[in-house]
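Data block below; observations after.
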Amino acid sequence: MALQRGQRILRFPDGFLWGTASSSFQCEGGNTNSQWHRWEESGHILTGETSGDACNWWQEAERDFALAEQMENNALRLSIEWSRVEPAEGSWESAAIDRYRAMLTDLRRRHIKPLVTLHHFTDPLWFADRGGFAKVENIRYFVRYVSYVVEQLQDLCDFWITINEPNIYAVLGYLLGSYPPGEHDLLRAMRVLRNLMQAHVEAFYAISRLQPQSQIGYCLHYRLFDPASPLLPLDRAAASLQDTFFNWATMQAGEIGTFPFPLNLLFAPVKHAAGARDFHGVNYYTRDMVRFDAARPAEMFGRRFALPGAPRNDPGLADNFGEIYPPGLYRVLKSVYQRTRGNKPLYITENGFSDTLDDRRPSAILEHLAMVHRAIREGIPVRGYLHWTLVDNFEWLEGWNVRFGLIELDQYTQKRTPRISASMFGEICRANAITETIVTRYAPEAMESIFGVAQQESSRLSV
Ligand code: FCB
């Protein structure tokens with residue numbers, strides 16, 4: 001790309017990973033052997049839909065990998081479906097491994113580094129029926145599956161994400177009841193969270209033994225909780241409780257093995273946690289404002305809502321992704337860095353927007369990336385950005401009702417139509433930078449917020 005003399009530019013470090021993130025259940029189609037299939041079959045998706053063929057990746061993921069290649073992405077995050085690899089306890093399906101080998105080989109041929117998640121919300125039915133992660137003795141099944149997959153695929157992948165968002169899996173499945181198994185039990189949610197973190201640690205050591213040079217971590221969903229009225233102590237307390245419980249209790253358990261007080265009185269520590277990761281995976285989408293509400297003890301006495309009048313994601317049926325709040329990504333990166341004393345590099349393993357018309361996504365991507373750039377300028381070692389997601393896929397609560405893709409999908413015909421955001425993302429990846437030219441072309445209204453952030457330090461390019 002020709003750069004005009006003197007134009008402002010936010011350049012990312014050499015080797016920065018650019019790509020998209022996805023998950024097996026949401027993309028592959030034909031996944032009928034997991035607890036999520038039973039959940040969708042029993043009418044729990046708000047639209048009443050089931051994932052069906054999803055994006056048909058089980059047949060032809062390669063078609064979308066070609067689109068990622070056109071965007072000059074150098075990384076792609078996908079997940080392995082445990083319920084395909086081990087459809088019954090202790091029985092391994094080599095055809096499933098063959099299919100994953102073909103996908104990973106195709107990515108590598110396109111110079112796209114695969115980042116592989118080993119657990120992204122779905123459990124095989126047999127595992128769920130034995131009590132899943134609510135039972136500590138079941139962790140060994142997960143570790144055995146992880147070892148099997150790594151033995152089979154380590155020649156094609158050296159970057160493993162053990163578990164996606166333990167906090168979402170535990171809180172939505174066991175406390176808020178909107179994910180399977182649909183429970184409302186704070187103590188069980190905490191037990192599941194503790195067991196997931198223990199499962200991560202054991203998987204970490206299993207993978208390290210098999211493939212010592214690989215990078216291994218997990219990713220958490222970080223959501224900001226700000227007091228609705230900062231001057232009201234009760235709002236501040238409710239926001240801070242939600243923040244501690246949802247974001248930092250999990251991170252602390254992953255870092256040092258113990259939950260913060262008073263949770264540490266109720267739950268066993270995570271054994272051998274210290275040092276059990278090579279990176280921090282950060283998934284960030286939105287923030288909530290929190291108003292004290294005595295009627296909501298299970299939600300830490302807080303009622304959550306999106307800041308009125310702020311830019312928003314499409315509400316969809318669940319209205320789960322409210323405000324589009326770019327500074328939140330910077331705040332999260334900085335908190336993770338500070339709370340972990342900068343011990344490991346960070347990857348943004350998910351960040352995205354539900355925006356069917358694609359009229360907010362271009363500026364949202366640019367403004368979030370400007371925040372990533374700010375974090376990097378301040379010395380926070382962020383090594384990659386994976387956008388959620390490549391192609392519209394099947395959302396957990398809302399089916400096809402919300403659209404996160406850079407590429408639009410007609411799920412009935414499987415026709416792909418790249419959105420404007422896809423062209424823009426391609427230009428950013430190609431340049432390894434945000435340039436004034438890109439901003440002018442795709443989101444001129446965001447020019448000042450993007451380069452304003454960098455004003456003092458922005459490097460002026462002279463060519
Ligand atoms: C995250 C999930 C991911 C996707 C996005 C929108 O919490 O990890 O699978 O559903 O939200």
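Bear in mind these aren't lab numbers, they're just calculated from the coordinates by the rules spelled out. Treat the numbers as computed from the prediction; the structure is a model and nothing was measured. Counting neighbours? That spans all protein chains shown, and the Cβs are built from the backbone with ideal geometry, glycine included.
For the reader, a short list of remarks on this structure follows.
- GluC sites (Glu not before Pro) restricted to the stretch 175-274 and DSSP loop, no more than 10 other C-beta within 10 Å: none
- Rounded, prolate or oblate (a/c below 1.5 giving rounded, otherwise prolate when a/b exceeds b/c) for the stretch 344-463 by Cα gyration tensor: prolate
- Projected label points at residue 307 and residue 258, each 7 Å from Cα along the beta carbon direction, are separated by 3.6 nanometres.
- The distance linking the stretch 26-45 with the stretch 200-250 is 27 Å (Cα centroid to Cα centroid, whole angstrom).
- Rounded to the nearest 20 debye, the dipole size of the chain about its Cα centre is 1480 debye, using +1 on the Cβ of Lys and Arg and -1 on the Cβ of Asp and Glu.
- Taking only the C-alpha atoms of the stretch 100-258, the Rg (one decimal) and the largest Cα-Cα distance, Dmax (whole number), read 17.7, 56 Å.
- Dipole magnitude for the stretch 217-361: about 500 debye, using +1 per Lys or Arg Cβ and -1 per Asp or Glu Cβ, origin at the Cα centre.
- R0 of 56 Å, Cβ-Cβ distance residue 53-residue 229: FRET efficiency to nearest 0.05: 0.75
- The alpha carbon centroids of the stretch 306-382 and the stretch 94-126 are separated by 27 Å.
- At least 27 Å along the helix axis (C-alpha) and Kyte average at least -0.5, DSSP helices within the chain: 186-210
- Projected onto its three principal axes, the C-alpha set of the stretch 164-293 covers 52, 27, 26 Å, listed from the longest axis down.
- The stretch 250-313 - convex hull of the alpha-carbon atoms, volume per residue in Å³: 113 Å³
- A simple rule links phi to the HN-Hα coupling: the Karplus curve 6.51 cos²θ - 1.76 cosθ + 1.60 with θ = phi - 60°, which for the stretch 288-294 gives 10, 8, 10, 10, 4, 8, 4 Hz, with x for Gly and Pro.
- If the convex hull is drawn through the Cα atoms of the stretch 285-418, its volume per residue in Å³: 136 Å³
- Column: log10 I(q)/I(0), Debye, Cα scatterers of the stretch 60-184, q = 0.09, 0.15 Å⁻¹: -0.29, -0.75
- Whole-number percent relative contact order across the chain, with pairs defined as alpha carbons under 8 Å at least 6 apart: 20 percent
- A viscosity of 1.002 mPa s and a temperature of 20 °C, combined with the Kirkwood radius over C-alpha pairs in the Stokes-Einstein formula, give the stretch 398-457 a diffusion coefficient of 158 µm²/s.
- When the helices of the chain are scored as -39500 (n - 2.57) per DSSP H run of n ≥ 4 and the total is divided over every residue, the value at 222 nm lands at -11500 deg cm²/dmol.
- Compactness of the stretch 136-205 was expressed as the Cα radius of gyration divided by 2.2 N^0.38 Å, which yields 1.23.
- Compared with the rule-of-thumb size 2.2 N^0.38 Å for a compact globular protein, the chain has a Cα radius of gyration ratio of 0.93.
- Sparsely packed loop sites in the stretch 357-458 (the chymotrypsin sites (Phe, Trp or Tyr not before Pro) outside DSSP H, G, I, E and B with at most 13 other Cβ atoms within 10 Å) comprise 412.
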